[in-house]
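Here's the structure, in structure tokens; my notes come after.
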Amino acid sequence: MIIWLVGLSGSGKTTIGREMYKLWKPHAPNTVMVDGDDVRRILGCDTEPRDYTMEGRRNLAMQYAEICLWLDEQDINVICCTISNFEDIYINNRERFSKYYQVFIDAPIELLKKRDPKGLYSRAAAGTETRVFRLTPPTTIT
């Protein structure tokens, strides 16, 4: 089973994912957490400006999906925390994973600017950061 938590930087994806993991792990030891920042660091995809372009973000989102599929095929439950904003990847996830739950963490931009754990929004406001984009809520599938 894959739980795919999406939202903008600072929305609480990792915080919520960690709490879910702590609650779920004792009942399902085959549970792991895949966090976008950790994957970027592990794969070395966080050092170049191109890593944060739309193309770079898309490539990384596809890598998250591949990691999750690999784990899903081994009957490992995954909580994946990612900004990923690509509807086609969401659709692909729904088709490929054994069970897929997607959760959009919606937080007001004013709250995100206030939290700003990485200084992203303050740098964008100062004009020194141009790699900030809006996240659109995923399409609801019924």
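No value in this document is a laboratory result; all are computed from the given coordinates. None of these values were measured; they are calculated from a predicted model. Here the Cβ positions follow ideal geometry from the backbone for every residue, glycine too, while neighbour counts run over all protein chains shown.
Tabulated results
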| quantity | calculated |
| --- | --- |
| Column: log10 I(q)/I(0), Debye, Cα scatterers of the stretch 31-118, q = 0.12, 0.14 Å⁻¹ | -0.40, -0.55 |
| Selection from 102, 91, 69 lying farthest towards where the dipole of the stretch 68-120 points positive, charges on Cβ | 102 |
| Label-point gap, in nm, between residue 75 and residue 101 - each point 7 angstrom along Cα→Cβ | 2.0 |
| Relative contact order computed over the stretch 1-92 (Cα-Cα under 8 Å; 6+ residues apart), in percent | 49 |
| Built amide H within the under 5 Å cut-off of residue 80, gap 5+ | 3, 4, 5, 34 |
| Unsatisfied cross-links (Cα-Cα over 22 Å) in the set 25/99; 25/114; 13/114; 22/118; 13/118 | 25/114; 22/118 |
| For peptides 72-79, 24-31, sequence by mean Cβ density within 10 Å, most packed first | 72-79, 24-31 |
| For peptides 83-95, 100-112, sequence by mean Cβ density within 10 Å, most packed first | 83-95, 100-112 |
| Long-range HN-HN contacts of residue 100 with modeled amide H, under 5 Å | 2 |
| HN-Hα J in Hz across the stretch 97-106 - Karplus 6.51, -1.76, 1.60, θ = phi - 60°, x for Gly and Pro | 7, 4, 9, 9, 10, 10, 10, 8, 8, 9 |
| Extended-chain gain in nm, criterion 0.36 nm per residue less alpha-carbon gap, residue 124 and residue 109 | 4.1 nm |
